[in-house]
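First up is the structure itself, then whatever we jot down about it.
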Amino acid sequence: MSNEEELRRLDEDIARLKQENREQREQIRDMGATDQTEIASLITQADEQAGLISELEERRESLRRRQG
């Protein structure tokens, strides 16, 4: 896979994951009074996804630097 293709794929993945993460956090916010264990689990999942997004953004920036 060329750098350009990988950058394009990373951009698409990051955009998709950011949207999913935003929606997940909105869902958590809208849940109101519910099982605290479930909410904690959803927050953990959202935080892990945010970490993945950060890793993908770092990879994208690394590729851009190598590209010149």
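The values are calculated or read from the model by the stated rules, or taken from the named source; none is laboratory data. All values derive from a computational prediction rather than experimental measurement. Reconstructed Cβ throughout: ideal geometry from the backbone, glycine too, with neighbour counts over all protein chains shown.
Key figures for this structure:
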read-out	value
Breaking point among (1) closer than 25 Å to ASN3 by Cβ; (2) modelled with pLDDT under 95, for GLU26	(1)
Count - residues of the range 24-47 that are surrounded by 11 or more Cβ atoms within 10 Å (Cβ to Cβ) and outside any loop (DSSP other than H, G, I, E, B)	13
Odd one out for GLU4, checked against (1) part of a helix (DSSP H, G or I); (2) at pLDDT below 95; (3) farther than 25 Å from ARG65 by Cβ	(3)
First in the range 35-59 and of a type in the set (A, V, I, L, M), second anywhere and at pLDDT below 95, Cβ under 7 Å, 6 or more apart	ILE39/ILE28; ILE39/MET31; LEU42/GLN24; LEU42/ILE28; ILE43/ILE28; ALA46/GLN24; ALA46/ARG25; ALA46/ILE28
Selected residue (criterion: surrounded by the most Cβ atoms within 10 Å (Cβ to Cβ)) from residues of the range 7-23 that are over 20 Å from GLN67 (Cα atoms) and among the charged types (D, E, K, R)	LYS18
